[in-house]
Amino acid sequence: MWLISMESRKLFNLLLVTIFLSCQTKVENKTQRINGFALGTSFSISYSAPQLSEIDLERKVDSIFGVLNQSLSTYITTSDISKINKGDSLQLVDSHFIKVYQKATEVWEATDGYFDPTVGALVNAYGFGPGKPLIQISQQQRDSILFFTGWDKTQLTEQYTIKKAHPQVYFDFNALAKGYVVDVIADFLRIKNVSSFLVEIGGEIVAHGVSPKTTEPWRIAIDDPNQQEERDLIQVLSLKDEAIATSGNYRKSRIDSVTGERYVHSINPLTGNTVKSNVLSASVRAPNCMTADAYATALMVLPFEKSKALIERLPQIEAYWVTSLNDSIQEHFSTGWKQ
């Protein structure tokens, strides 16, 4: 299922911070770094490759953002995905769109439909967003939106076009496209034989090799949901040749006026109803960032026990959940997370 509010999710993703174990002096630790703003959030790339200048990397990264935005961004009215959403059944999709579509299909199947990139119309109908109260919609409204919601109502044809069962079916790849962009940049660095790098976009991360300063795996930190004024960390982990992504909405959580419980709202794409969830955040480690990104979103909306069972069945994927019970924060780990 789609996350409550993609805007809230982007804000939360910034809470997954990278502890760069290198000082600021690039000459001393032989680490280069570029920073910027793209895809509605910040990005940072740390790497050790004297043969690859910062200017060359910045140009390539800008080119990657441009190509992928043209394919996958719903904010660009002339992008491929925007044209498809407007009903263009003849629009040819590129290899990037195909890879993201195929991953979405894979995760939709694995989660029994709880992960669904066509649920955006329901998100908008309920008025999900930072600081916004939920809108009560009628059963008739809900049913009418459900009529054109569902990943099984879409098809990638042999001609590389998208076929929709209904013109109103709306695509939104926000739940995995950012992770895919991280992967594309990481692949470029590997092609350039960069032996050590860390790519981070809005908290979605791929780590390759080791920290140039310590020669140890890169260190990643996750914020404590109980923190008040000062930053507190709830988890610090090592990452090498792996990706991590976190979804969460605890900064936009609500307190039940009757029970006092803290919870977040999600949408069940199978019923169209909103449901309460005490899962405040979910982090996923995976071989690539698109997979981690998609499953981190899915774990925020799957029933908790179902999500734990799912992760245990998936090879090479581990997860970490933060939940709230009677306003007490609890941590949950998949079998191989700490390993």
Worksheet item: By counting other Cβ atoms within 10 Å of each Cβ, how are Asp152, Asp183 ranked from fewest to most?
Response: Asp152, Asp183
Worksheet item: How many nm separate the modelled label positions at Lys213 and Ser195, each set 7 Å beyond the Cα in the direction of the Cβ?
Response: 2.0 nm
Item to complete: Net charge near Gln168: determine it from the other residues with C-beta under 12 Å of the C-beta of Gln168, scoring Lys and Arg +1 and Asp and Glu -1.
Response: +3
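Return the subset of Lys60/Lys178; Lys99/Lys153; Lys30/Lys178 for which the Cα-Cα distance in this structure is over 26 Å, preserving the input order.
Beyond 26 Å: Lys30/Lys178.
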Fill in: Theoretical gain in end-to-end length, Asp187 to Ser89 [0.36 nm per residue, Cα-Cα removed]
32.2 nm
Worksheet item: Listing Glu109, Glu158 from the residue with the fewest other Cβ atoms within 10 Å to the one with the most, what is the order?
Response: Glu158, Glu109
Worksheet item: Rounded, prolate or oblate: which fits segment 32-122 when a ≥ b ≥ c are the square roots of the eigenvalues of the alpha-carbon gyration tensor, with rounded for a/c under 1.5 and prolate only if a/b beats b/c?
Response: prolate
Discussion item. For the pair Lys163/Glu109, report the inter-label distance in nm, with labels modelled 7 Å from Cα in the Cβ direction.
Written reply: 1.8 nm
Discussion item. Using Cβ counts within 10 Å as a stand-in for footprinting exposure, how do Glu318, Glu216, Glu58 rank, fewest first?
Written reply: Glu216, Glu58, Glu318
Worksheet entry | Estimated inter-spin distance, Phe304 and Leu270, nm [label 7 Å along Cα→Cβ] | 1.9 nm
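Bear in mind these aren't lab numbers, they're just calculated from the coordinates by the rules spelled out. Note that the structure is a prediction, hence the values are computed from the model and not measured. A quick note on method: Cβ atoms are made from the backbone with ideal geometry, for glycine too, and the neighbour counts reach across all protein chains shown.
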